[in-house]
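To keep things clear, I will list the structure first and then write my remarks on it.
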Amino acid sequence: MAKLIEDPQTKARRNSWGAWALLLALLLASAVLVYSARHWSAPERAKRLANPVPATPAAIAAGREIYQAHCQRCHGASGDGKGQRASELAVAPSDFTNAQEMSEKTDGELFWKITKGRLPMPAFESKLTDQERWEAVDYIRTFAKNPASAPAP
């Protein structure tokens, strides 16, 4: 049986198409990762969780301490998502001062996100108690209530 000898140009073209296909696959995978990182939503059951910790001054003060210790470096002192580490992250931290966006999130969703985390944000399930995570939610809610950050009617 005669062995066919492949033309070097044909071989180079075939290898080139393979490289382009690999590059395209990597670009698509990257786009999917970026999209999923920016469109992070909690499961419906988590969204329906009711906050068992009333937003009392004491709960908000406790939440402020938790926020300052665990969240402020990325989310910022004013909750605007512009903390000192924000520029180092592949995904921008949430802006808690955006009243429109915050009104669309339930306490249960915020609690679930704090609990589970998602890179680059760590999970706090084993670092904070349920009570502390709910207190953090109570404090985070105060950023969107700031009249200076709320959109004009």
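The values are calculated or read from the model by the stated rules, or taken from the named source; none is laboratory data. Only a predicted model underlies this, so the values are computations on that prediction, with no experimental measurement involved. We place every Cβ from the backbone using ideal geometry, glycine too, and count neighbours over all the protein chains shown.
Here are the numbers for the structure shown:
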item	result
Residue 58 being at pLDDT below 95, of a type outside the set (Val, Ile, Thr) and farther than 19 Å from residue 106 by Cβ	no
Qualifying helices (runs of 4 or more DSSP H) (wholly inside the range 54-146; at least 1 residues being under 20 Å from residue 39 (Cα atoms), out of contact with any Pro (no Cβ under 7 Å at 6 or more places or on another chain) and of a type outside the set (Phe, Trp, Tyr))	99-103, 107-116, 130-144
From 73, 64, residue being more than 20 Å from residue 40 (Cβ to Cβ) and either buried (at least 17 other Cβ atoms within 10 Å of the Cβ) or basic (Lys, Arg) (or both)	64
Residue list for the range 120-153, filter: surrounded by fewer than 19 Cβ atoms within 10 Å (Cβ to Cβ), modelled with pLDDT under 95 and among the small types (Gly, Ala, Ser)	148, 149, 150, 152
Selection within the range 28-47 - assigned to a helix (DSSP H, G or I) and modelled with pLDDT of 75 or more	44, 45, 46, 47
Any pair with Cβ under 7 angstrom, 6 or more apart, that starts in the range 64-91 at a residue that is of a type in the set (S, T, N, Q) and ends at one that is at pLDDT 95 or above and in a loop (DSSP other than H, G, I, E, B)	72/83; 78/97
Inter-residue pairs, beta-carbon under 7 Å, first among the charged types (D, E, K, R) and in the range 119-136, second in a loop (DSSP other than H, G, I, E, B) and surrounded by 15 or more Cβ atoms within 10 Å (Cβ to Cβ), 6+ apart	133/124; 135/53
Residue match in the range 103-117 (condition: surrounded by fewer than 17 Cβ atoms within 10 Å (Cβ to Cβ) and on the phi > 0 side of the Ramachandran plot)	yes
